[in-house]
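The values are calculated or read from the model by the stated rules, or taken from the named source; none is laboratory data. As the structure is a computational prediction, the values presented were derived from the model and not from experiment. All Cβ positions, glycine included, derive from the backbone under ideal geometry; neighbour counts span all protein chains shown.
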Amino acid sequence: SSNKDVKDPIRVVITGAAGQIAYSLVYQICSGEVFGKDQSIILHLLDITPMMGVLQGLIMEVEDISLPIVKNVIPTDNEETAFKDVDVALFVGAMPRKEGMERKDLLSANVKIFKSQGIALDKFAKKSVKVLVVGNPANTNCYILAHYAPSIPRENFTCLTRLDHNRAKGQIASRLKISPDLVKNVIIWGNHSSTQFPDVRFSTVVVNGKETSVYEAIQNDNWLKNEFVSIVQKRGAAVIAARKLSSAMSAAKAICDHMRDWWQGTKDNEWVSMGVISDGSYGIEKGLVFSYPIHIKNGKLSIVQDLKLDDWSREMIDKTQKELIEEKNDALTATSSQ
Ligand code: NAD
Ligand code: LMR
């Protein structure tokens with residue numbers, strides 16, 4: 001049959017599956033763009049009990065798009081069913097910030113979710129599971145998840161900063177009126193928050209067929225150090241202000257970029273941004289979930305080493321690290337009282 005060359009299915013779980021990011025994400029995963037057109041998939045969709053009706057609607061739509069690589073779709077509100085034998089876990093669901101909620105309240109609600117899901121992941125998922133946390137605060141949720149899933153290797157945990165990375169590429173490209181794929185090696189350091197440091201000191205662009213550094217091409221250090229940084233840091237909030245909803249289409253696309261690169265690797269001398277568990281590189285506290293430049297080969301993530309930090313970039317990196325340490329400490333305090 002035409003299916004002869006299709007590989008045995010992998011199990012992919014998406015949490016928050018009835019939400020708006022998942023609505024864009026499910027199609028892209030099912031189309032084969034992420035894990036390959038020859039990789040069949042069993043999709044596990046987790047959401048909370050009141051959303052099970054909405055999930056049924058999503059399943060009808062998956063059936064109706066009739067994609068050949070989808071072998072089964074399992075909707076559930078049960079963590080064991082959700083995480084059982086999964087190869088890939090996309091943690092999109094989280095408690096959103098509501099009016100009047102303090103950061104502490106948000107952290108404490110999310111700690112509860114990620115603690116419970118971490119314990120379930122540890123117990124039921126494959127030990128090789130590749131984990132991506134998207135739900136905010138993404139870095140700290142990932143920290144808590146990893147903390148409660150000690151039997152899964154530390155290098156399997158990541159959080160999403162690829163959207164910020166793509167935003168940075170987009171801003172450089174539009175400033176130079178070139179295609180975004182001509183912008184290489186931007187870096188997002190630190191937290192997926194407004195303290196992140198979008199760094200283009202090592203980035204190159206191709207302008208009129210010639211490769212050159214971003215600083216040389218743009219010829220405006222002031223714009224690169226101020227306005228550019230601020231636009232990227234505040235882009236999420238700007239989308240919320242305009243849409244009255246947080247970014248979803250671009251977030252789903254970034255999730256696919258992140259997982260596709262993890263699966264298929266990056267080119268030599270190229271990197272992407274991912275939040276990973278720090279090994280202490282660049283003087284960051286070991287264990288913190290911190291976004292770094294990441295090179296990927298044969299499914300293995302490695303932090304790009306030996307990039308020079310000047311006083312300005314050191315200060316920017318320290319600032320976002322400080323926020324992450326505070327978030328982590330608040331989250332750990334919240335777990336001990338739960
Ligand atoms: P959404 O509110 O539309 O969907 C979230 C879904 O999660 C809902 O269906 C909800 O019922 C579900 N959910 C809540 N608690 C759950 C639990 N314990 N288990 C399973 N499901 C649960 O939100 P969205 O727009 O899809 O965004 C999802 C998250 O992603 C938010 O936290 C958002 O802030 C975050 N986000 C992150 C990035 C990033 O770049 N890291 C970008 C955009 C959005
Ligand atoms: C984004 O970067 O678009 C989102 O993380 C913003 C948010 O707070 O949900």
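Looking only at the range 94-123, filter to residues that are touching a residue at least 12 places away in the same chain (Cβ under 8 Å), farther than 19 Å from Glu327 by Cα and out of contact with any Ser or Thr (no Cβ under 9 Å at 6 or more places or on another chain); which one of those is nearest to ligand 1 (Cβ to nearest atom)?
Ala120
Kindly list, by first and then second residue, each pair from a residue in the range 34-54 that is farther than 12 Å from Ile74 by Cβ to a residue that is near ligand 1 (Cβ under 7 Å from one of its atoms) and among the charged types (D, E, K, R), limited to pairs with Cβ atoms under 8 Å and residues at least 6 apart or on different chains.
These pairs meet every condition: Val54/Asp47.
Considering only the range 288-311, how many residues are in contact (Cβ under 8 Å) with a residue 24 or more places away in the chain, more than 15 Å from Val200 (Cβ to Cβ) and not in a strand (DSSP E or B)?
4
For the range 49-77, which positions are at pLDDT 95 or above, outside any helix (DSSP H, G or I) and surrounded by 13 or more Cβ atoms within 10 Å (Cβ to Cβ)?
Scanning the range 49-77 gives Ile69, Val70, Lys71, Val73, Ile74, Pro75, Thr76, Asp77.
State which residue is nearest to His165 (Cα to Cα) when the search covers only the range 238-254 and only residues that are within 11 Å of ligand 1 (Cβ to nearest atom) and hydrophobic (A, V, I, L, M, F, W, C). Explain how you work it out, then say what you get.
Restricting attention to the range 238-254, the residues satisfying the condition of being within 11 Å of ligand 1 (Cβ to nearest atom) are 239-240, 243, 245-254.
Subsequent filtering for residues that are hydrophobic (A, V, I, L, M, F, W, C) retains 239-240, 245, 248-249, 251-252, 254.
Details: Val239: 16, Ile240: 18, Leu245: 21, Ala248: 15, Met249: 15, Ala251: 11, Ala252: 14, Ala254: 9 Å.
So the residue we want is Ala254.
Can you tell me how many residues in the range 45-85 are under 18 Å from Val129 (Cα atoms) and either among the acidic types (Asp, Glu) or out of contact with any helix residue (DSSP H, G or I) (no Cβ under 8 Å at 6 or more places or on another chain) (or both)?
Going through the range 45-85 one residue at a time, the tally reaches 4.
If I ask for residues that are more than 16 Å from ligand 1 (Cβ to nearest atom), under 17 Å from Asp164 (Cα atoms), in contact (Cβ under 8 Å) with a residue 40 or more places away in the chain and surrounded by fewer than 18 Cβ atoms within 10 Å (Cβ to Cβ), which ones from the range 188-235 would you list?
Phe202, Lys225, listed by residue number.
So how many residues does the range 271-310 have that are over 20 Å from Phe35 (Cα atoms) and not small (Gly, Ala, Ser)?
Qualifying residue count for the region: 20.
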